[in-house]
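Working notes for the structure below.
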Amino acid sequence: MKIVVVGCTHAGTASVVNLKELYPESDITIYEKNDNISFLSCGIALNVGKVIEDTESLFYNSPENLAKLGVVTNMKHEVLDIDFENKTLKVKNLITEEVFEDNYDKLVLTLGSWPIVPRFEGGELENIVLCKNHDHALNIIEKSKDAKNVVIIGAGYIGVELVEAFEMQGKNVTLIDAEKRIMAKYLDKDFTDVAEKEFSDRGVKLVLGEKVQKFNGENGKVTEVITENGTYQGDLVVLCIGFAPNTKLVQGKLDTLPNGAIIIDEYMRTSKEDVFAAGDCCVVTYNPSKDTRYIPLATNAVRMGTLVARNIVKPTLKYMGTQGTSGIKIYEQNIASTGMTEEVAKATTKMNIATVSLTDNYRPEFMPTYEPATIKIVYDADTRRVLGGQIISKVDLTQFMNTLSVVIQNDMTIEELAMTDFFFQPHYNKPWSLLNAVALKAL
């Protein structure tokens, strides 16, 4: 069985490793445009903030390691075209410029995503950078050495983490986003208010509800970011506006969403026979709303890549969908969410949305120390089904959202959550778990 894998970050690496384990005799060839694989871009901010010393530790696999497994790893090779009917590919060696053909029995598309870069006037100026791969990481680290005024455009998780990292390095930081709140996709206002205060208290300038219009510069380097309402100094600008599926290669050839995300079934199969896809280039089944959405997450990619290997010969193991569970640490605040926020649920579904929030100390007051935690549950008032949740505390209670993720995946109701069995031990919690307690409040 000859398997060709196009693209090799998280989903690609997971599929290859598992394919070799399940089918050691298979002939596997990787084509990857970059010169590295398996880079954890979520660690770029940790490197900027000097939490970790170098970017090399952010790799969990390598072409050399895959070669030891017997995988042909072709780095700096770009697939130019795919003929799905004849099962052939046209490939370009980016070093030698040679173009050649290859063929496959099974094809795995793990094309990933790419940062959204609007056409801004002045966008070609130097020191306007992206934040996605290893090259971007090295570029950001190098250019930040001399930067005094850093502007981050985009207040999702990556942008927010970079703001904290640059502020801790003594930079003057401005965060710009067209939304009126930071992390608006992941958290409701009562949670983002806390996070925004953490930044404002440390001198970070939050420019929210404003769209970037253009960049000004001197001597070919960026000096200012112009929005519809103001001008902001910046000698380093990092674009973190969001991601789109990197699927131009298969446009018009496979079934996709309007944004280009490849449509797959529960066994990772695309609309063409023997062609599988996984990771950020695909749609996902979103369990809270019972529909398909585009949610690029490394956790999803690894799961989906593993499923490709399990289903490459015959449909064996189904994809269970996702809740889009995520977490972030902002200074001393530990924050996590799963499923839909109240705002997202009301905007994207026709369900009768209800919410309940609770602030309580996470463990008994007779203990030497205790800290308050705020937890919120989003649910359907008609069916009582739990749809989402968020938690914030100075103590790390983020694992509660992993538990709630399982609750959502299994279609549990608010009543069932209220009476679910959780342990009690004064070092860790109260007799009623926070999840029990907030659900009981809803009753």
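The values are calculated or read from the model by the stated rules, or taken from the named source; none is laboratory data. Small disclaimer: the values here were computed from a predicted structure and weren't measured. Cβ sites come from the backbone with ideal geometry, for glycine too, and all protein chains shown count toward neighbours. What goes into the accessible areas is simple: the full protein's heavy atoms, side chains included, and nothing from ligands, DNA or RNA. Shrake-Rupley method; radii C 1.70, N 1.55, O 1.52, S 1.80 Å.
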query: Just a yes or no: is a residue in the stretch 223-232 outside any strand (DSSP E or B), within 14 Å of residue 125 (Cα to Cα) and open to solvent by 70 Å² or more (accessible area, probe 1.4 Å)?
result: no
field: Residue ID - surrounded by the most Cβ atoms within 10 Å (Cβ to Cβ), chosen from residues in the stretch 327-356 that are in contact with a Ser or Thr (Cβ under 8 Å, 6 or more places away or on another chain) and within 17 Å of residue 394 (Cα to Cα)
entry: 337
query: Restricting attention to the stretch 38-62, which residues are under 21 Å from residue 242 (Cα atoms) and part of a loop (DSSP other than H, G, I, E, B)?
result: 38, 40
statement: The number of residues in the stretch 132-178 that are touching a residue at least 60 places away in the same chain (Cβ under 8 Å), assigned to a helix (DSSP H, G or I) and open to solvent by 10 Å² or more (accessible area, probe 1.4 Å) is 12
- line: With the first residue restricted to the stretch 430-443 and required to be among the small types (Gly, Ala, Ser), and the second required to be open to solvent by 40 Å² or more (accessible area, probe 1.4 Å) and not in a helix (DSSP H, G or I), Cβ contacts under 7 Å at 6 or more apart or on different chains are 433/422; 437/360
- prompt: Name the residues in the stretch 404-436 that are surrounded by fewer than 17 Cβ atoms within 10 Å (Cβ to Cβ) and either under 27 Å from the mean Cα position of the chain (by Cα) or assigned to a helix (DSSP H, G or I) (or both), would you?
  reply: 406, 410, 411, 415, 416
- prompt: Taking into account only those residues within the stretch 379-401 that are in contact with an Asp or Glu (Cβ under 7 Å, 6 or more places away or on another chain) and touching a residue at least 60 places away in the same chain (Cβ under 8 Å), which is nearest to residue 192 (Cα to Cα)?
  reply: 390
- prompt: Could you list, in sequence order, the residues of the stretch 64-87 that are open to solvent by 30 Å² or more (accessible area, probe 1.4 Å), closer than 18 Å to residue 38 by Cα and not in a strand (DSSP E or B)?
  reply: 64, 65, 67, 68, 69, 70, 76
query: Can you name the residue in the stretch 366-403 that is of a type in the set (S, T, N, Q) and under 18 Å from residue 343 (Cα atoms) and, of all such residues, is least open to solvent (accessible area, probe 1.4 Å)?
result: 390
- prompt: If residue 359 passes every condition in (1) open to solvent by 40 Å² or more (accessible area, probe 1.4 Å); (2) in contact with a strand residue (DSSP E or B) (Cβ under 8 Å, 6 or more places away or on another chain); (3) touching a residue at least 24 places away in the same chain (Cβ under 8 Å) but one, which one does it miss?
  reply: (3)
task: Scan the stretch 88-111 residue by residue and report those that are in contact with a helix residue (DSSP H, G or I) (Cβ under 6 Å, 6 or more places away or on another chain), open to solvent by less than 20 Å² (accessible area, probe 1.4 Å) and not hydroxyl-bearing (Ser, Thr, Tyr).
output: 108
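Residue-by-condition table, conditions (1) in contact with a Leu (Cβ under 8 Å, 6 or more places away or on another chain); (2) open to solvent by less than 40 Å² (accessible area, probe 1.4 Å); (3) outside any strand (DSSP E or B):
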position	(1), (2), (3)
199	yes, yes, yes
210	no, yes, yes
285	no, no, no
288	yes, yes, yes
301	no, yes, yes
305	no, yes, yes
